[in-house]
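The values are calculated or read from the model by the stated rules, or taken from the named source; none is laboratory data. As the structure is a prediction and not an experimental result, all values here were calculated from the model. Virtual Cβ from ideal backbone geometry, glycine too; neighbours counted across all protein chains shown.
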Amino acid sequence: MIAFEHVGKRYGGRFEALAHLNFRVARGEMVFLTGHSGAGKSSLLRLIMRLEKPSRGRVLVAGHDIAQLHASQVPFYRRQIGVVFQDHQLLFDRSVFRNVSLPLEIQGVEPREAARRVRAALDKVGLLHREKALPVELSGGEQQRVGIARAVVNKPALLLADEPTGNLDPQLSADIMGLFEDFNRIGTTVMIASHDLALIARLHHRILRLRDGRLVADEGAV
Amino acid sequence: MKRAATPRQTGAAPRRGKRLAPKHRPKASPEATGRRGARSQQTRFISRLRAWGRHHRAMAIDSLLRLVRHPLGNLLTMLAIAIALVLPAALWLTLDSAKLLDAELEESATLTVYLETAVDEAQAARIEEAVGAEAGVVQTRLISAEQGMAEFQQSLGLDDVLAGLEDNPLPASIVIYPQSVEPDAMGQLAQRLETLSGVDEVRVDLAWVERLRHLADLGRRVALALGALFGLGVLLVVGNTIRLAVENRRREIEVVMLIGATHAFVRRPFLYSGAWYGVGGGLLALGLLGLGNHWLSMPVAALAASYGASFTLPQLDMTGSTILLSCSTLLGWLGAWLAVTRHLSSIRPR
């Protein structure tokens with residue numbers, strides 16, 4: 001599903017955020033990405049989302065070198081990836097329902113069909129009863145779950161998450177991770193960047209460890 | 001709308017990536033695939049077209065609601081647009097009426113041949129014949145001395161004074177409607193007519209018709225230049241307003257771009273806002289023009305009456321109003337397009 005081939009990323013000529021990255025993630029796999037802050041986790045995810053292009057090497061997603069995508073194709077590429085952000089990137093001027101339906105709106109899904117899918121996604125994250133609420137009325141954990149619902153409403157084949165449990169207490173964090181595991185179980189490839197080592201050690205999935213932009217360990221690989 | 005997804009699948013369960021994984025598609029004979037492909041491509045195209053129309057409608061309404069939500073500020077923007085449109089439009093209208101006047105004048109461009117006072121009626125009739133035979137003369141009208149006197153009395157209202165005169169001091173005259181109102185042609189005609197016997201003087205009154213025409217020409221150019229300048233002003237007003245709107249919704253734009261919105265999608269609501277500003281400004285401009293017309297019509301009519309003429313201020317007709325409204329809408333749209341496009345490149349999802 002994802003392949004990094006000799007990938008390096010420099011910012012502003014000097015600073016090397018990522019270097020010599022070589023790894024593959026199979027379809028349907030669940031992978032954690034860990035390392036200290038500044039180790040390059042976010043940069044790596046940004047490369048997959050094609051927010052940036054690698055300075056060296058190739059990033060292949062589903063067999064395509066995504067650096068080759070024309071700027072006009074990038075939006076359509078991004079629609080196929082669900083992304084959960086640490087600060088969840090919700091829009092505060094619209095309801096939970098409208099937030100979750102945003103990707104479907106962008107894709108022009110017919111409203112009745114969209115409503116059905118939004119409710120299904122909200123149901124999955126246990127927030128169906130809050131669909132009319134505004135994001136500010138929700139707790140941090142609930143907001144994150146709305147973010148997850150938005151990421152999966154599209155039924156993406158690939159789900160990325162950047163520190164999805166960053167600001168949550170251990171119990172809520174475990175719940176959120178459980179959600180990701182559910183999605184993985186139905187075949188979604190999941191990649192989660194997190195520095196919550198204690199939590200991810202308990203979950204028994206593959207762990208990619210980054211240090212100073214280099215891959216230093218690949219544990220539990222199949 | 002037919003969808004490829006099975007209706008039974010109701011959960012948010014992400015399926016194995018269909019689009020990312022072409023090899024997971026069920027294998028079928030190439031022929032069947034081709035036929036199904038063509039049909040699904042067609043339905044996909046139609047559903048995309050529908051989605052496109054839906055988003056246009058939604059954004060048109062949404063941007064209008066956003067305008068209505070802040071009525072005062074947006075009204076001021078529209079008023080600025082309206083004022084910028086009213087000035088060149090009013091000037092153009094004035095010139096248009098001058099053109100009407102000009103056409104009337106052109107029709108009345110004549111030469112007057114004054115005969116010597118000694119000429120009697122029979123002679124005058126012969127001279128008129130001779131004049132009518134000249135090349136370049138379309139029509140002639142003989143005004144005898146008595147008729148001239150009568151007209152003079154009528155137009156001046158000086159019955160008593162003139163009645164006191166013993167002799168008619170006016171000569172008979174012939175009014176000539178020439179074929180060409182070009183100054184050169186009329187000058188030559190006048191010279192030829194002056195050589196006829198019994199003709200005292202030929203008068204050509206064309207210089208001021210010419211002057212008026214030049215003036216109107218100049219005015220029209222000024223109006224066009226002003227129109228271009230004020231059009232640019234409208235672009236700037238709308239552009240600046242939209243720039244602020246984009247800045248206000250920066251976060252929203254970043255988020256939708258993160259989840260796969262195209263530039264066209266992001267641009268659309270702002271383009272509609274710009275067009276609405278244009279529509280509002282155009283309507284206000286029409287209102288202002290109507291108001292101005294109403295305000296000026298009384299004194300203008302009085303002024304015209306004092307010259308013994310009837311003259312009404314020109315009004316924008318249906319075509320003119322439509323042109324003004326479409327121009328302002330287009331300018332609003334264009335201003336928004338420029339502002340958003342310039343701004344979008346600076347917005348990159350974090």
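Quick rundown of the values:
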{"item": "Residue in region A:166-187 that is of a type in the set (D, E, K, R), more than 9 Å from chain B (Cβ to nearest Cβ) and closer than 24 Å to A:Ala217 by Cα present", "result": "yes"}
{"item": "Verdict on A:Ser95 being small (Gly, Ala, Ser) and surrounded by fewer than 22 Cβ atoms within 10 Å (Cβ to Cβ)", "result": "yes"}
{"item": "Any hit, region A:70-80, residues being charged (D, E, K, R), at pLDDT 90 or above and out of contact with any helix residue (DSSP H, G or I) (no Cβ under 8 Å at 6 or more places or on another chain)", "result": "no"}
{"item": "Test set (1) charged (D, E, K, R); (2) more than 27 Å from B:His56 (Cβ to Cβ); (3) not in a helix (DSSP H, G or I) - A:Glu142 fails condition number", "result": "(3)"}
{"item": "Tally, over region A:100-118, of residues that are under 18 Å from the mean Cα position of the chain (by Cα) and within 9 Å of chain B (Cβ to nearest Cβ)", "result": "2"}
{"item": "Unique residue being at pLDDT 80 or above and not assigned by TED's automatic domain parsing to the domain that holds B:Gly278 when the list is B:Leu193, B:Leu232, B:Leu244, B:Leu226", "result": "B:Leu193"}
{"item": "Given (1) buried (at least 17 other Cβ atoms within 10 Å of the Cβ); (2) of a type in the set (Lys, Arg); (3) in a strand (DSSP E or B), number of the condition A:Arg46 does not satisfy", "result": "(3)"}
{"item": "Residues within region B:252-291 that are within 16 Å of B:Asn74 (Cβ to Cβ) and within 10 Å of another protein chain (Cβ to nearest Cβ), tallied", "result": "0"}
{"item": "Some residue of region B:173-182 being buried (at least 20 other Cβ atoms within 10 Å of the Cβ) and hydrophobic (A, V, I, L, M, F, W, C)", "result": "yes"}
{"item": "Single condition A:Ala151 does not satisfy, out of (1) facing chain B (nearest Cβ under 10 Å); (2) out of contact with any Gly (no Cβ under 7 Å at 6 or more places or on another chain)", "result": "(2)"}
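Rundown of residues vs (1) in contact (Cβ under 8 Å) with a residue 12 or more places away in the chain; (2) within 22 Å of the chain's Cα centre (by Cα); (3) farther than 30 Å from B:Gln154 by Cα; (4) surrounded by fewer than 14 Cβ atoms within 10 Å (Cβ to Cβ), yes/no style:
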site	(1), (2), (3), (4)
B:Pro269	yes, no, yes, no
B:Tyr272	yes, no, yes, no
B:Val279	yes, yes, yes, no
B:Gly282	yes, yes, yes, no
B:Ala302	no, no, no, yes
B:Leu331	yes, yes, yes, no
